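Since every read-out is calculated from the coordinates, none of them should be taken as a lab result. Treat the numbers as computed from the prediction; the structure is a model and nothing was measured. All Cβ positions, even for glycine, are placed from backbone atoms using ideal geometry, and neighbour counts span all protein chains on display.
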Amino acid sequence: MFWDKNRASSTASLLKRLKETAYEVDSITGLCALIVGMPNVGKSTLLNALRSTGTTGRTTKVAKTGDQAGVTRKIGTSVRVIEPEERGGVGAGVYVLDSPGVFVPYVEDGETMIKISLVQGIKKGLIADEILADYLLYKMNLWDPHLYHRYCSPTNDIHEFLLAVAKRDGKLKAGGVPDMGESAARVLSEWRKGKLGRYVLDDLSDEALQRHELMASSPPVSLNQGKKAWKEQRKETNA
């Protein structure tokens, strides 16, 4: 099941599924669910949507939201998203817990980290905006160069692209000098709003999916895992 914050019907469908599960579990204390996911994917937004739709007279936010990773720092108290049976809900009600983002322990390559940064899954500033914009330009050229036609004609030169953005959107320093950093930030902001196309960063071709399944069956060893294995091997050798 997919949830879209802009589609009320998807929230209603999820609430229906929660009601069905609560009815099957039939707990005297109510059903308790935990929202888990990568950083900045909308977990807190989901909780707020479930609460405002599933309960009566509760429209204020209970979970703080933001456009960057790390807004939620700890698991909060449970929030009722479906009323108990006597109030038109189910059983003793349904409660949901919000949680901080869960990140993969090891990222095997730089491109994957860039993709995660583009969707704001890591702390802002860890990868320079100009680098992210350069990768995004590469992807837009693969998808459809017309996506950025309002700025300039198709190009592989990130400096040419950002210069065009600076001139069109007024991202200039004193004296009319183009501000490349602000221009890159503008590009990222426009893309994240869907104004530069709505595409998936990952390659979803059959060949790419097969490669992913192969890698998942034998994942690379992280630095910490490698150190641990080396220490255990040395311990056995010296025994």
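For Lys123 and Glu24 in the same chain, what is the full-extension length gain: residue separation times 0.36 nm, less their Cα-Cα distance, in nm?
31.6 nm
Hey, what D do you get for segment 38-171 in µm²/s if you plug the Kirkwood alpha-carbon radius into Stokes-Einstein at 25 °C and 0.890 mPa s?
Estimated via Stokes-Einstein, D reaches 136 µm²/s.
Report, to one decimal in Å, the Kirkwood hydrodynamic radius for segment 110-192 based on all distinct Cα pairs.
Result for segment 110-192 stands at 13.0 Å.
Given H placed on each backbone N at 1.01 Å, which residues far from Gly76 in sequence or on other chains put an amide H within less than 5 Å of it?
Asp98
Neighbour counts of other C-beta atoms within 10 Å: give me Trp230, Trp3 arranged from fewest to most.
Ordered from fewest to most neighbouring Cβ atoms within 10 Å, Trp230, Trp3 come out as Trp230, Trp3.
Which ³J(HN,Hα) values in Hz, rounded to whole numbers, follow from the phi angles of segment 33-40 under the Karplus curve 6.51 cos²θ - 1.76 cosθ + 1.60, where θ = phi - 60° and Gly and Pro get x?
Here the 3J(HN,Hα) series is 10, 10, 8, 10, x, 4, x, 6 Hz.
Could you sort the peptides 74-84, 6-16 by per-residue average Cβ neighbour count (10 Å cutoff), highest mean leading?
On the way: 74-84: 16.9, 6-16: 13.3.
Output ranking for 74-84, 6-16: 74-84, 6-16.
Rg and Dmax of segment 1-91, Cα atoms, in Å?
Cα-based Rg and Dmax for segment 1-91 come out at 13.3, 39 Å.
Each residue of segment 14-24 in turn: what ³J(HN,Hα) in whole Hz from Karplus with 6.51, -1.76, 1.60 and θ = phi - 60°, glycine and Pro shown as x?
Karplus values, whole Hz, x for Gly and Pro: 5, 5, 4, 5, 5, 4, 4, 5, 4, 5, 5.
Among the listed pairs Lys74/Lys139; Lys124/Lys231; Lys167/Lys193; Lys139/Lys193; Lys43/Lys139; Lys123/Lys227, which are separated by more than 25 Å between their Cα atoms?
Lys74/Lys139; Lys124/Lys231; Lys43/Lys139; Lys123/Lys227
What nm distance separates the two modelled labels at Glu213 and Asn141, each placed 7 Å from Cα along Cα→Cβ?
So the two model labels end up 3.3 nm from each other.
Along each principal axis of its Cα atoms, how long is the chain end to end? Whole angstroms, biggest number first, please.
66, 65, 39
Within segment 145-239, which trypsin sites (Lys or Arg not before Pro) sit in a loop by DSSP and count at most 14 neighbouring Cβ atoms inside 10 Å?
Here the trypsin sites (Lys or Arg not before Pro) that fit, given the DSSP loop and packing criteria, are Arg150, Lys173, Lys193, Lys195, Arg198.
For Lys19, give me every one of the aspartates and glutamates with a C-alpha distance below 13 angstrom, ignoring sequence neighbours fewer than eight places off in its own chain.
Glu83, Glu85
For every other residue with a beta carbon closer than 9 angstrom to the beta carbon of Lys173, add +1 if it is Lys or Arg and -1 if Asp or Glu, then tell me the sum.
Result for the neighbourhood of Lys173: -1.
Helix 206-217 against the longest principal axis of the chain: what's the angle in degrees, Cα atoms only, rounded to the nearest 10?
For 206-217 against the chain, the angle is about 60 degrees.
Taking Cα centroids, how far is segment 195-211 from segment 128-161 in Å?
Result: 17 Å between the Cα centres.
Taking amide H positions as placed 1.01 Å from N in the peptide plane, with prolines and chain starts having none, which residues 5 or more places from Ala33, or on another chain, fall under 5 Å of its amide H?
Residues meeting the amide H criterion: Tyr95, Val96, Leu97.
Can you give the angle from 0 to 90° between the axis of helix 43-54 and the longest principal axis of the chain, with both taken from C-alpha atoms, to the nearest 10?
The helix 43-54 is inclined about 40 degrees to the chain.
Going 7 Å from the Cα of Ile75 in the Cα-to-Cβ direction, what parts of segment 10-53 have a backbone nitrogen less than 14 Å from that spot?
Hits in segment 10-53 for Ile75 at 14 Å: 32-37.
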